[in-house]
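Report on the structure given below.
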Amino acid sequence: MYKSIEEITLNTWPAEQSILLQGWILRSAAGYTKRANSVNPLYGTDESDDEIRKKVKLAEAYYVDAGLKPVFKITPYIQPADLDKILEGSGYSVVEPSSVRVLDLNRLPAPNSQYSLQIQNECSEEWLNVFAELTELSHENRKTLHRMLSASTLKQGYALLLKEGVPIACGLGIIQHGYMGIYDIVTAQAHRRQGMAEQLLMGMLHWGKQQGASSSFLQVVQANRGACALYDKLGFEEIYQYWYRVRN
């Protein structure tokens, strides 16, 4: 079941290009986020270590040609299972250990927000402007993000939390097969540690339930203790961990 969630994460956070390499999925999106610019070795066949190393070299060549650094996403479902050790021996380091968590939307408490929440189905200029400002997103990455999200045909919810008419937090929910993926949760610096992200998330989760989702998932870097604490409070439970291998 959890491997299917890993597949859904690939769909809900789309890359601009996906190339198949003997069962591996090589994704790229002009370098914006490791999720969309990494090898996802979810499938494969029985191969010798030498054959695997040749496959790694082919993947590396793809990213070098694209002007990107080779990155592999390592989950409990990688094929072959010993790929992580092979990459380590080839000079790849671990970065951004992360947690995948899920929440049953049938047990949500009633929403109780003192601020206005707007959720739109399309990626508007207003949402992009808010997200770009809050994250200090570069102009090129903003264009890439817009291309990635606008090309998706999945159900999307672009959320803005407003205080006195001014956006102070934003987020994105994307639904497939009854799961809503949570992405891009960010709060304005001046309004952090005031419960804004919690109110934003609760509104988004209720929206997802109204759209037919029965569960929600998210991915969070383990070093982000504030976000992890919030997701613990909301009842998200870890189902597996992953990390990236980046060539030194």
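Structure above, values below:
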{"read-out": "Those strands (runs of 3 or more DSSP E) lying entirely in region 85-179 with at least 1 residues of a type in the set (Ser, Thr, Tyr) and under 20 Å from residue 8 (Cβ atoms)", "value": "92-104, 155-163"}
{"read-out": "Subset tally (residues that are small (Gly, Ala, Ser) and out of contact with any Phe, Trp or Tyr (no Cβ under 7 Å at 6 or more places or on another chain)) for region 114-136", "value": "2"}
{"read-out": "Unmet criterion (only one of (1) over 29 Å from residue 235 (Cα atoms); (2) within 19 Å of the chain's Cα centre (by Cα); (3) exposed (fewer than 13 other Cβ atoms within 10 Å of the Cβ)) for residue 122", "value": "(1)"}
{"read-out": "Single residue of 199, 194 found to be in the same structural domain as residue 135 (by TED's automatic domain parsing) and not in a helix (DSSP H, G or I)", "value": "194"}
{"read-out": "Some residue of region 63-76 being assigned by TED's automatic domain parsing to the domain that holds residue 26, hydroxyl-bearing (Ser, Thr, Tyr) and modelled with pLDDT under 95", "value": "no"}
{"read-out": "Selection from region 209-242 of residues that are within 18 Å of residue 187 (Cβ to Cβ) and free of Cβ contacts under 8 Å to residues at least 40 places away in the same chain", "value": "224, 225, 226, 229, 230, 232, 233"}
{"read-out": "Selection count, region 1-27, where residues are out of contact with any helix residue (DSSP H, G or I) (no Cβ under 7 Å at 6 or more places or on another chain) and more than 20 Å from residue 100 (Cα to Cα)", "value": "4"}
{"read-out": "Residue pairs meeting the criteria (Cβ under 7 Å; at least 6 apart or on separate chains; first touching a residue at least 12 places away in the same chain (Cβ under 8 Å) and among the basic types (Lys, Arg), in region 176-191; second crowded, with 21+ Cβ neighbours inside 10 Å and not in a strand (DSSP E or B))", "value": "none"}
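The values are calculated or read from the model by the stated rules, or taken from the named source; none is laboratory data. Computed from a prediction, not measured in an experiment: that's the story for all the values here. Cβ sites come from the backbone with ideal geometry, for glycine too, and all protein chains shown count toward neighbours.
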